[in-house]
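Peer 1: Got a structure for you, questions after.
FYI, it's all coordinate maths here, none of it is from the lab. In this text the structure is predicted, and so the values were computed from the model without any measurement. Heads up, the Cβs are rebuilt from the backbone with ideal geometry, glycines too, and the neighbour counts pull from every protein chain shown.
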């Protein structure tokens, strides 16, 4: 077996009009052999990571896989350029972490008015990224997605975590190379899940007070007037929405059947759907699981800065409303979701247009 102590890597970029993408590939030693890892996506976004070799292989085989990846990208117009932010792939990509996040139920306008008026709830911006918990244990940093699986993370975020004293577990949203943290599950060996949220948030801000900008705490407001003003400000700025959290609540993984101590109010409608067909002219058909089987809900155009997803992929779509047929009105493609399961792509997600009198 040909061996080398040096990991081989390459970064390629593609820019054409509104399309601006990056692709990273790397040969890394693992066990008695080598694996080929990759990361790709829009430049500056949270990259999708994975492994091309399911198990360690000989170096020459890893090199063949690596070279095929690079030549394939070059054939599509990718070129070598200045390296972007490196991505760290976990030793066991998508391995179960033993952690699951607390998930939120949606509230309507009537509930929002009550939550704004109550002094028992705080308000935060609903960040428009991907859910990510971050666990630091000694010199090891693990990123964990919504499904509780260990995934890759930006080196900037990992380095920022390593620079913070002590062990901890954060919950937040990742956008590009920045983790927006909004909760603290453990700190310095203490389980914080049974603490009141107000205490967890104070400990979170103290932990991150001197942290690098790659990890920041999401601002929180509590006074009714401040909450109303912040909601109006975020809505005017085009934010995705807001989150309300009960100040005395503990942290519990999973989603309650209704209500709950953490709730979200979205200014725009989004849903996760399955790709049922790949059409010409860069569009795909979408289906959702209804009571009697798959329901077609329309097509969505794939922007030039996104790869066209394959049939069976889970994708995220923003839309204005749905007609009774049902068809999504003004759908906008947001990207693929590797942290949402196919079973979650149900018709119950859809917000239908209210009937006119």
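Peer 1: What nm value, rounded to one decimal, do you get for the distance between residue 64 and residue 229 when each label is placed 7 Å out toward the C-beta?
Peer 2: Modelled inter-label distance: 6.6 nm.
Peer 1: Dimensions of the range 173-279 along principal axes (Cα, Å, largest first)?
Peer 2: Here the Cα extents, ordered largest to smallest, are 52, 35, 34 Å.
Peer 1: Checking the a/c ratio against 1.5 first, then a/b against b/c, what shape does the Cα gyration tensor give for the range 209-249? Write down the numbers at each step before the final one.
Peer 2: On the way: a/c = 2.15, a/b = 1.29, b/c = 1.67.
Note, shape of the range 209-249 comes out oblate.
Peer 1: How many Å³ per residue does the convex hull of the Cα positions in the range 183-243 occupy?
Peer 2: Details: hull volume 6.8 nm³, N = 61.
Given the Cα convex hull of the range 183-243, per-residue volume reads 111 Å³.
Peer 1: Evaluate the distance, in nm, between pseudo-label points positioned 7 Å from the Cα of residue 352 and of residue 330 along their respective Cα→Cβ axes.
Peer 2: If labels sit at residue 352 and residue 330, their model points lie 2.1 nm apart.
Peer 1: Ok, one more. With r defined as the distance between the Cβ atoms of residue 100 and residue 43 and R0 fixed at 35 Å, what FRET efficiency is calculated, to the nearest 0.05? Please report the intermediate quantities before stating the final value.
Peer 2: Values: r = 31 Å, r/R0 = 0.89.
According to the calculation, E is roughly 0.65.
Peer 1: Take the alpha carbon atoms of the range 269-349, find their radius of gyration, then divide it by 2.2 N^0.38 Å using N residues; give the quotient. Write out the running numbers ahead of the final one.
Peer 2: Values: Rg = 11.4 Å, N = 81, 2.2 N^0.38 = 11.7 Å.
It is 0.98.
Peer 1: Once fully extended, how much extra length lies between residue 110 and residue 196, figured as 0.36 nm per residue of separation less the alpha-carbon to alpha-carbon distance?
Peer 2: Values: separation 86, 0.36 × 86 = 30.96 nm, distance 2.59 nm.
My answer for the length gained is 28.4 nm.
Peer 1: Further question: Alpha carbons only, please: Rg and Dmax for the chain, in angstrom.
Peer 2: 21.7, 75
Peer 1: Work out, in µm²/s and without decimals, the Stokes-Einstein translational diffusion coefficient of the range 105-266 at 37 °C, 0.692 mPa s, Rh from Kirkwood over C-alpha pairs.
Peer 2: On the way: Rh = 16.2 Å.
D, rounded to a whole number, is 203 µm²/s.
Peer 1: Using Cβ counts within 10 Å as a stand-in for footprinting exposure, how do 291, 183, 167 rank, fewest first?
Peer 2: The most exposed by this proxy come first: 291, 167, 183.
Peer 1: For the range 9-75, what are Rg and Dmax over the alpha carbons, in angstrom?
Peer 2: 12.9, 44
Peer 1: Express the relative contact order of the chain as a whole percentage, based on alpha carbon pairs under 8 Å and six or more residues apart in sequence. Write out the running numbers ahead of the final one.
Peer 2: Numbers: 755 pairs, mean separation 50.0, N = 357.
Normalised by residue count, the contact order of the chain is 14 percent.
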